[in-house]
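Structure first, commentary second.
The values are calculated or read from the model by the stated rules, or taken from the named source; none is laboratory data. Predicted model only: the values in this text are computed from it and were never measured. For neighbour counting, all protein chains shown are included, and Cβ atoms are generated from backbone atoms with ideal geometry for every residue, glycine included.
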Amino acid sequence: MPHLLSLYNKVAVRLSYIIAFFIVTCQVSTLYPYWYSSHVRSVLFVTGNQRKLDEARLACDLYDIEIINQVFDIDEIQSSNPRQVTEHKARAAYDLAGRPVVVTDTCWSIPALGGFPGAYMKDIANWFSEQDFLNLMTDKDDSRISFTENIAYYDGKTLQFFSKELWGQVVPPRGTGNSIENVAEFEGKTLGERRAEGGVSHAPEDYVWIDFAKWYANRP
């Protein structure tokens, strides 16, 4: 009888361990999604440009930052100052979203044309054909072109600005993008060719988004 009682006690103790382990495991698995969601940083990127969204996610994924997308119809100011345009856009997006936002804007420059078209490329690309750009460059020896990607983050108090310039050249049209994308070549391919291949404009480490991600990931 004492032997059976001792065996019963051992079985009961082991069974209690198993039950306790099962309860703790269930609790952890239930709570994990809430813990995870509260520790992963996210930011709202206001844009209707899929390429820009893909580029943002490629870079921010490296720092475990989730990019949430929303599209708003924002009245952008016309200015020769790219930073002013981007920061105004961020404030306007914040007012519409009611939460912290990040926005981008791109400024193009063709040195041989005196820095044309600057912050007005969005409209110019709609007005100009590929040939229009090439005609402007006919008698120019300098075929360089640059675009500067600007990012502005705004949370109602903090306005943080990031900028990066990339250089390429104007070439005969290739690709399936818009007029400027098909004649602007960077690292051997036009933006239009990269679009046709389903790719993005540059490697993630070359994006200004990397600078934003480093800063945002280390915010308190």
Practice task
Please tell me if Ser143 is under 15 Å from Gly168 (Cβ atoms) and either touching a His at 6+ places or on another chain (Cβ under 8 Å) or among the hydroxyl-bearing types (Ser, Thr, Tyr) (or both).
Solution key: yes
Completion exercise
Of (1) in contact with a Gly (Cβ under 6 Å, 6 or more places away or on another chain); (2) in a loop (DSSP other than H, G, I, E, B), Ser109 satisfies every one except (2)
Problem - Qualifying positions in region 61-81 - over 12 Å from Phe45 (Cα atoms) and free of Cβ contacts under 8 Å to residues at least 60 places away in the same chain - result: Asp61, Asp73, Ile74, Asp75, Glu76, Ile77, Gln78, Ser79, Ser80, Asn81
Exercise for the section: Could you grab me the full set of residues in region 168-192 that are within 22 Å of the chain's Cα centre (by Cα), surrounded by fewer than 20 Cβ atoms within 10 Å (Cβ to Cβ) and aliphatic (A, V, I, L, M)? Expected result: none
Exercise for the section: Output the qualifying pairs, or none if there are none: Cβ atoms under 6 angstrom, residues six or more apart or on different chains, first residue in region 208-220 and assigned by TED's automatic domain parsing to the domain that holds Asp54 and over 17 Å from Val40 (Cβ atoms), second residue surrounded by 15 or more Cβ atoms within 10 Å (Cβ to Cβ) and of a type in the set (Lys, Arg). Expected result: Val208/Lys164
Practice task
Mind listing whichever residues of region 131-177 are of a type in the set (D, E, K, R) and in contact (Cβ under 8 Å) with a residue 40 or more places away in the chain?
Solution key: Asp132, Glu149, Asp155, Lys164
Fill in the blank from the handout: Residues in region 75-86 that are farther than 9 Å from Asn150 by Cβ and either part of a loop (DSSP other than H, G, I, E, B) or under 18 Å from the mean Cα position of the chain (by Cα) (or both) total 7
Exercise for the section: Test Ala90 against the stated conditions and say whether it is in a helix (DSSP H, G or I), touching a helix residue (DSSP H, G or I) at 6+ places or on another chain (Cβ under 6 Å) and under 15 Å from Glu149 (Cβ atoms). Expected result: no
Handout entry: region 93-106, subset outside any strand (DSSP E or B) and touching a strand residue (DSSP E or B) at 6+ places or on another chain (Cβ under 7 Å), residue nearest to Arg41 (Cα to Cα)
Key = Pro100
Practice task
Among what's in region 71-85 and is β-branched (Val, Ile, Thr) and farther than 18 Å from Phe116 by Cα, pick the residue that is surrounded by the fewest Cβ atoms within 10 Å (Cβ to Cβ).
Solution key: Val71
Practice task
Select, from Ile145, Ile151, the only residue that is β-branched (Val, Ile, Thr), within 27 Å of Asp211 (Cα to Cα), over 19 Å from the mean Cα position of the chain (by Cα) and modelled with pLDDT of 95 or more.
Solution key: Ile145
